[in-house]
2 protein chains.
Amino acid sequence: MKILAIDPGTRFAGYAVMQKKGRSIQLLDHGLLKIKTTNGWTHRVGTYYDFFLKKIQDHKVEDLCFETPFLYRNPSTFMKLGYIRGINYLLAHQFNLNLHEYSPSEVKQATCLKGNASKQQVACAVYKYFPTLERSLKDDITDAISVGLCRLVANRLYNKPS
Amino acid sequence: MKILAIDPGTRFAGYAVMQKKGRSIQLLDHGLLKIKTTNGWTHRVGTYYDFFLKKIQDHKVEDLCFETPFLYRNPSTFMKLGYIRGINYLLAHQFNLNLHEYSPSEVKQATCLKGNASKQQVACAVYKYFPTLERSLKDDITDAISVGLCRLVANRLYNKPS
């Protein structure tokens with residue numbers, strides 16, 4: 001099973017393409033989409049769509065998972081995350097992908113066994129799972145990888161097969 | 001100039017395709033997209049995208065305008081309207097359409113000269129502008145037509161050319 005995991009955002013979106021082979025998890029691709037905020041929303045939403053469309057096609061992804069944004073104090077920010085979420089739904093529809101959404105606490109619980117873990121703790125869990133991964137990745141990327149881990153290994157993270 | 005005006009919604013979306021020729025406004029197409037709520041969000045968002053993609057292609061629309069949802073008390077509803085709004089942005093990007101968003105009060109001011117006009121008053125203004133239009137259209141449709149009028153004639157609605 002090949003998945004695309006996204007930590008969605010309107011300025012930065014971290015992503016990870018991961019694959020489960022037998023009992024092992026491979027990280028095939030990871031990175032950060034930077035979305036220029038100087039452009040209008042049509043361009044920003046289009047950039048997000050085009051980027052992830054290509055990732056899905058290039059990697060022949062079968063499964064899309066992302067973190068569900070929690071309610072921000074600022075309703076305008078909440079609404080804007082809705083644009084991106086709508087694009088995720090559309091991509092899942094167009095490529096017939098399985099879709100999984102997780103709350104931040106579900107992801108943290110699955111990766112750190114602690115629903116209120118900090119971003120640093122999430123990053124530590126990710127580096128522990130993929131020890132060869134370059135350190136100093138942006139939080140958006142480690143968050144995306146943690147969403148993928150939540151999807152693929154859930155609470156069995158610490159039983160990493162050797 | 002040929003425009004697609006939408007009153008966006010997650011269950012019903014009214015639309016109108018309108019054209020300005022000289023000083024007259026033609027209503028080329030209007031109707032209601034019903035979105036089955038029993039389907040998941042990927043399907044609902046996909047239905048919305050496919051439907052309006054076809055309208056844009058069929059009518060060779062150059063301009064997209066819609067009513068900007070106001071903040072609902074229920075943040076969840078607000079977020080869901082964000083999905084649809086994201087799709088509007090994507091369509092505008094993909095077809096290089098001019099995009100115009102209006103608040104409900106802007107549309108009401110433009111069509112009824114009253115920012116707090118009722119839905120019935122908006123419908124009356126629409127029927128006054130297009131006297132041959134069948135009565136008893138759903139509010140979503142008359143709202144979409146009023147958005148189109150806001151775009152094309154703005155506050156000159158009552159100076160309808162004969």
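The values are calculated or read from the model by the stated rules, or taken from the named source; none is laboratory data. Just so it is clear, the structure is predicted and the values come from calculations on it, not from any experiment. Note that we place each Cβ from the backbone using ideal geometry, even for glycine, and neighbour counts take in every protein chain shown.
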Checklist entry - Does B:F70 satisfy the criteria of being in contact (Cβ under 8 Å) with a residue 24 or more places away in the chain and within 12 Å of another protein chain (Cβ to nearest Cβ)? => result yes
Checklist entry - Could you list, in sequence order, the residues of the range B:84-118 that are among the aromatic types (F, W, Y) and within 15 Å of the chain's Cα centre (by Cα)? => result B:Y89, B:Y102
Item to check | Restricting the range A:52-77 to residues that are surrounded by 17 or more Cβ atoms within 10 Å (Cβ to Cβ) and not β-branched (V, I, T), the residue that is modelled with the lowest pLDDT | outcome: A:P69
Item to check | Of residues in the range B:77-91 being within 7 Å of chain A (Cβ to nearest Cβ) and among the hydroxyl-bearing types (S, T, Y), the one nearest to A:Y89 (Cα to Cα) | outcome: B:Y83
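Return the only residue of B:G115, B:G40 being of a type in the set (G, A, S), away from chain A (no Cβ under 14 Å) and surrounded by fewer than 17 Cβ atoms within 10 Å (Cβ to Cβ). Reasoning before the result, please.
Working: B:G40 fails: away from chain A (no Cβ under 14 Å).
Criteria check complete, one pass: B:G115.
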